[in-house]
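Only one structure is covered here, and it is reproduced in the block below.
The values are calculated or read from the model by the stated rules, or taken from the named source; none is laboratory data. Keep in mind the model is a prediction, meaning the values are calculated, not measured. Glycine gets a Cβ as well: all are built from the backbone with ideal geometry, and neighbour counts include every protein chain shown.
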């Protein structure tokens, strides 16, 4: 008999012996929470740009292709950065280092509208005009190739990596979530 924390989602229909919907959701949430996530700063725009630049903490990022080198980013619908990406089609992922809590804390709760997201932190500009954080481990400048709305609460962005660099050595910031239904 499987342990109580494992539930087979392929069993369907009501059954007195089967798990309840709440039990199934709890088990799936715990299992999803074991998927390792990184911690990245995703930025679009640059100081003084119109519309105003946006920076957000991102964790659902994955390399998506070798050629062209590409990444996928899961972005919650309604995030302010989405409108900027629709217009400018460029974003930067700055990879945070393990235990780098200073940048993470600044952006963990988001930046209110009208506040300069780059205020008080070091930034550099790529040759094409995108902004990255030099205190990160590395950065990837991406050109938005495609947006995929699959009917969930997030959309998938595919970005071709057009430039990037290692800024310093060290392991990346990673984390596990206790529940896959919350960040």
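What to note about this one:
- Qualifying residue in the stretch 12-19 (condition: within 30 Å of residue 113 (Cβ to Cβ), modelled with pLDDT under 95 and assigned to a loop (DSSP other than H, G, I, E, B)): no
- Boolean, residue 128 is touching a residue at least 12 places away in the same chain (Cβ under 8 Å) and closer than 20 Å to residue 38 by Cβ: no
- Every pair of residues 6+ apart whose Cβ atoms lie under 7 Å, when the first sits in the stretch 96-107 and is farther than 18 Å from residue 60 by Cα while the second is modelled with pLDDT of 90 or more and surrounded by fewer than 17 Cβ atoms within 10 Å (Cβ to Cβ): 106/121
- Looking only at the stretch 45-65, and only at residues there that are in contact with a helix residue (DSSP H, G or I) (Cβ under 7 Å, 6 or more places away or on another chain) and either assigned to a loop (DSSP other than H, G, I, E, B) or in contact (Cβ under 8 Å) with a residue 60 or more places away in the chain (or both), the one that is farthest from residue 159 (Cα to Cα): 51
Quick grid of which residues meet (1) modelled with pLDDT of 95 or more; (2) under 16 Å from the mean Cα position of the chain (by Cα); (3) surrounded by 13 or more Cβ atoms within 10 Å (Cβ to Cβ):
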{"position": "136", "(1), (2), (3)": "yes, yes, yes"}
{"position": "142", "(1), (2), (3)": "yes, yes, yes"}
{"position": "153", "(1), (2), (3)": "yes, yes, no"}
{"position": "157", "(1), (2), (3)": "yes, yes, yes"}
{"position": "161", "(1), (2), (3)": "yes, yes, yes"}
{"position": "167", "(1), (2), (3)": "yes, no, yes"}
{"position": "174", "(1), (2), (3)": "no, yes, no"}
{"position": "178", "(1), (2), (3)": "no, no, no"}
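- Of residues in the stretch 85-117 being assigned to a loop (DSSP other than H, G, I, E, B) and surrounded by 21 or more Cβ atoms within 10 Å (Cβ to Cβ), the one modelled with the highest pLDDT: 96
- Taking the stretch 66-77 as the range and being part of a loop (DSSP other than H, G, I, E, B), closer than 23 Å to residue 149 by Cβ and more than 14 Å from the chain's Cα centre (by Cα) as the test, only 68 passes.
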